[in-house]
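The values are calculated or read from the model by the stated rules, or taken from the named source; none is laboratory data. These numbers come from a predicted model, not from an experiment. All Cβ positions, glycine included, derive from the backbone under ideal geometry; neighbour counts span all protein chains shown. The area values use the complete protein model at the heavy-atom level, side chains included, leaving out ligands, DNA and RNA. Shrake-Rupley method; radii C 1.70, N 1.55, O 1.52, S 1.80 Å.
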Amino acid sequence: MECIRAKREDIPLVAEIARQAMQRTYPLYYPPKAVEFFLWWHSAGRIEEQFLEDEIYLLLQDGKAVGTGSRTGCHIHRVFVLPEQQGKGYGSAILRVLESRIFDEDPAGYPEIILEAVLSSYGMYRRRGYEAVGFEARPVEGGEYLCYHVMKKARPPQRDNR
């Protein structure tokens with residue numbers, strides 16, 4: 001397993017991984033207009049708009065992309081694993097890379113990680129030490145709502161290596 005920084009030409013692949021994951025799982029948790037909003041929010045066009053400010057990663061297994069995740073500063077977002085690859089620890093592997101980039105890149109830097117967890121991924125984030133600090137219900141077209149938890153994870157205490 002290898003996690004690499006995505007290049008601009010990888011944007012369609014990142015968007016396709018997100019699309020497949022959302023189309024498989026999100027209709028189980030969200031109404032149709034909320035799913036449409038998510039699909040637009042994580043589309044190739046939106047990813048292209050954010051490419052210069054985001055660090056986007058692809059998780060490869062045997063040379064094939066199985067997942068993706070992004071960060072902007074201390075904010076993790078767009079963590080998706082292909083539906084047929086879910087449940088194999090790939091989501092946690094992506095999170096380990098993103099968390100390391102945030103906490104280890106600048107040891108005196110970010111005191112915490114922030115993310116928005118959709119209903120289907122809430123349990124995974126809790127198991128990785130994230131705590132819910134808020135709940136949002138964003139209205140979308142047709143009177144439907146897109147609901148998610150705002151979660152945080154504190155920087156682990158620094159060990160004294162004397």
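When you go through Ala132, Ala117 one by one, which is the residue that is closer than 23 Å to Phe38 by Cα, of a type in the set (Gly, Ala, Ser), open to solvent by less than 70 Å² (accessible area, probe 1.4 Å) and within 13 Å of the chain's Cα centre (by Cα)?
Going through Ala132, Ala117 in turn, just one is closer than 23 Å to Phe38 by Cα, of a type in the set (Gly, Ala, Ser), open to solvent by less than 70 Å² (accessible area, probe 1.4 Å) and within 13 Å of the chain's Cα centre (by Cα): Ala117.
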**Only one of Glu9, Glu16, Glu49 that is at pLDDT below 95 and open to solvent by 40 Å² or more (accessible area, probe 1.4 Å)** = Glu49
**Asked** Out of all the residues in the range 71-110, which are on the phi > 0 side of the Ramachandran plot and surrounded by 15 or more Cβ atoms within 10 Å (Cβ to Cβ)?
**Response** Arg78
**Complete:** Counting only strands (runs of 3 or more DSSP E) entirely within the range 91-162, those with at least 3 residues that are of a type in the set (A, V, I, L, M, F, W, C) and more than 17 Å from Gly73 (Cα to Cα) are 131-140
**Asked** Which one is nearest to Arg101 (Cα to Cα) among residues in the range 9-59 that are without any contact (Cβ under 8 Å) to a residue 40 or more places away in the chain and assigned to a loop (DSSP other than H, G, I, E, B)?
**Response** Asp54
